[in-house]
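Peer 1: My questions all concern the structure below.
What follows is calculated from the coordinates using simple rules that are stated; it is not laboratory data. This is a predicted model, so every value here is computed, not measured. All Cβ positions, glycine included, derive from the backbone under ideal geometry; neighbour counts span all protein chains shown.
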Amino acid sequence: MRSLGLDIGDKRTGVAVSDPQGILALPLSVIGGSDEEATIDDILKLIKQYEAECVVVGLPYSLNGNLGQQANKVTSFAEKLSSRTKRSDLNQVNIQLWDERLSTIAAERLMTEAGTKRNKRKQHRDAIAAAFILQGFLDSLRR
């Protein structure tokens, strides 16, 4: 089963994809812009292109486990994405929310340790964070 992972932000959305067996998550791309409908259109194209059966959306819990304002935005986005998949030929796609705590920090740390220049990190960070989110979800399926 192939899946997509999403790290939803106000300005950018990071996207990751799993291998066809659903074992390994890989950073794919970053969708820019704050136009929610255009972002959903781009995600729907990726679902079709990769024949994804599941979309894992990172839900930003605070460190104490509470859901804040950004979590409400992400939940609303996931509901709109789900509604759009149901209205299209993608009605079999499963939309999952997944705890994304510290995924961006882990992505930043990984790029720093890999020696990625500071000015290059921003353009890759969100896709790498999406890969961390998706990998956590995939690992939970194998337990």
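Peer 1: Could you pull out the pairs from Lys11/Lys80; Lys48/Lys86; Lys45/Lys73 whose alpha carbons sit more than 19 Å apart here?
Peer 2: Numbers: Lys11/Lys80 17 Å; Lys48/Lys86 13 Å; Lys45/Lys73 22 Å.
Beyond 19 Å: Lys45/Lys73.
Peer 1: Shifting gears a bit: Which entry in (i) 13, 46, 30, 10, 0; (ii) 12, 45, 35, 7, 0; (iii) 10, 34, 28, 13, 8, 5, 2, 1, 0 is this structure's computed P(r) over Cα pairs in 10 Å bins from 0, in percent?
Peer 2: (ii)
Peer 1: Find out how many positive minus negative residues lie around Tyr61, taking Lys and Arg as positive, Asp and Glu as negative, among other residues whose Cβ is under 11 Å from that of Tyr61. Could the numbers behind the result be given before it?
Peer 2: Numbers: positive: Arg101; negative: Asp99, Glu100.
Residues close to Tyr61 contribute a combined charge of -1.
Peer 1: Could you check the spin-label model distance between Gln92 and Glu51? Points 7 Å from the Cα along Cα→Cβ, value in nm.
Peer 2: That separation, rounded to one decimal, is 1.0 nm.
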